[in-house]
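Right, one structure below, let's go through it.
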Amino acid sequence: MKKILISIMAISIILLLTGCGLWNKVEEDYNNRIDAAVNSTVKVPVANTTINPGQIITSEMVDIKDVPRNEIKDEITSIHQVVGKYTSNTCTVSKGGFFYNSCLAD
């Protein structure tokens, strides 16, 4: 009876240690994925000068800036979506400002 109890205790301890090791690995992988998602950046076009309403946007007026991915909502993320377009009659894009579809016209 004593040998069976010792065997059960030994198996329980081994399973507990194995489970803790696996949990630490799962938690580490999860944290790494969250960090990668939160800390990754996206290249976003920004105005390097103030662009007035009705003005055509040229490549000389646009710079590229790295922005954390989690801060991007409705901003345009490609310079090709901006260059050659006009700002709408109601929008001014300030120096350093992002571009939005609602402020662009063909």
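Points worth noting:
So that you can scan it fast, the table gives a plain yes or no per residue for (1) part of a helix (DSSP H, G or I); (2) surrounded by 12 or more Cβ atoms within 10 Å (Cβ to Cβ); (3) among the hydroxyl-bearing types (Ser, Thr, Tyr):
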| position | (1), (2), (3) |
| --- | --- |
| 15 | yes, no, no |
| 18 | yes, no, yes |
| 29 | yes, no, no |
| 45 | no, yes, no |
| 53 | no, yes, no |
| 73 | no, no, no |
| 91 | no, yes, no |
| 96 | no, yes, no |
| 102 | yes, no, yes |
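- The single condition among (1) loosely packed, with under 10 Cβ neighbours inside 10 Å; (2) at pLDDT 90 or above; (3) not in a helix (DSSP H, G or I) that residue 60 does not satisfy is (3).
- Total residues in segment 75-87, condition in a loop (DSSP other than H, G, I, E, B) and at pLDDT below 90: 3
The values are calculated or read from the model by the stated rules, or taken from the named source; none is laboratory data. Note that the structure is a prediction, hence the values are computed from the model and not measured. Positions of Cβ are generated from backbone atoms using ideal geometry, with glycine treated the same way; all protein chains shown enter the neighbour counts.
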